[in-house]
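Just so it is clear, none of the values below were taken in a lab; they were calculated from the coordinates. Just so we're clear, the structure is a prediction, and the values are computed from it rather than from any experiment. Using ideal geometry, Cβ is built from the backbone for each residue, glycine included, and neighbour counts are taken over all protein chains shown.
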Amino acid sequence: MAGILEIPQPVKFIFEKFPLEAYAPVGKADNAVKYESEQRTYPFVGSTSIQNSINETFKLGVYNVFRHKETGSILATDPWCLYTQLALCKKNSLSLCTGEEKKRKNQHSMVVLSHSAATDARLPVLVEGYSKRYVRSTEGINEILSSRVTDAKDVMYLALLDTVVYDCWISQVVYNLSAEKLLDLYHYKPHQSRLLDKLVLSDLKSSLIKRNEFHLRHLEVAKNIESLSFYKAKSIDELTQPLLQNCQKVLLQFQKLLGDRRFYSENVTPSYLDLKLASYTLCIMNLDEDVALYRFVVDHCDKLVQHANYIVDIYKKV
């Protein structure tokens with residue numbers, strides 16, 4: 001009787017006929033994933049962007065990026081993401097990259113992420129460290145940046161931008177942009193498939209209207225997000241037109257404010273209000289030419305555009 005540990009004869013015959021082959025261990029590195037990660041990464045530049053250890057670096061997670069026409073700088077496509085990008089440059093004496101710089105080890109950077117990467121599906125996020133990572137949410141980032149503004153007027157102006165102008169921005173990108181353009185602004189890999197794009201688009205819109213409590217301030221606008229195909233364009237325009245009109249009034253007020261302040265001196269350091277205002281203007285200027293908000297800024301807000309380009313130019317030269 002064969003022992004319990006003895007290999008049965010038929011099995012033994014097979015292994016002797018076809019011996020096992022030993023292969024080298026599979027490496028942990030995935031070149032394809034590494035390449036895609038590098039394509040999504042845009043380093044901050046300047047002497048302060050290089051750290052002694054990777055654990056001392058941070059990564060800013062944003063929806064997507066675009067290239068600034070005048071300077072070639074790489075900018076975030078969303079106003080809140082761009083504001084955080086510029087604020088990090090201001091605080092850490094960093095410069096904007098053009099995408100042509102050599103990526104170095106232990107370098108602060110901006111990374112394009114899916115909105116699903118955040119626990120609350122909202123960007124920006126700030127990831128600090130590497131071995132131990134500390135992730136600051138959009139809300140946490142806003143709290144920190146708000147705490148740095150102490151001037152009462154600037155606090156009021158920032159609140160005005162983040163309600164009136166923000167609400168108009170969201171209504172324009174969600175309701176007035178083509179699906180293709182919206183994905184270009186808020187999704188890194190559009191056009192994978194029609195079905196996938198449709199699913200991503202629906203999830204993305206739902207996430208955007210809940211950020212900054214837009215859905216609470218404009219319940220009638222927000223509740224129709226899932227029924228656009230059954231809603232006439234005229235009805236959508238009627239819902240969003242007041243947001244556009246209020247935004248236009250506020251932008252004209254800032255246009256007048258810029259006429260009363262000196263921004264174009266080498267001795268003037270941009271304030272956080274400057275960065276916030278420039279962020280909205282730059283993102284609006286990245287919209288399609290047939291979008292009403294874009295047309296208004298081009299036709300009536302030349303000082304806002306000049307100011308925004310000036311801000312970018314400053315942080316390209318730091």
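Annotations for the structure displayed:
- Between the C-alpha center of the range 57-132 and that of the range 290-312 there is a gap of 23 Å.
- The range 59-195: mean projected area of Cα convex hull, nm²: 10.5
- Among the listed pairs 102/153; 132/223; 103/181, those beyond 31 Å (Cα-Cα): 102/153; 132/223
- Local net charge near residue 70, Cβ-Cβ under 11 Å (Lys/Arg +1, Asp/Glu -1): +2
- Positive-pole candidate from 141, 182, 168, dipole of the range 128-198, charges at beta carbon: 182
- Sequence ranges 245-251, 59-65, ranked by mean other-Cβ count within 10 angstrom, highest first: 59-65, 245-251
- Among 72-84, 158-170, the peptide with the highest mean count of other Cβ atoms within 10 Å heads the list, and the full ranking is 72-84, 158-170.
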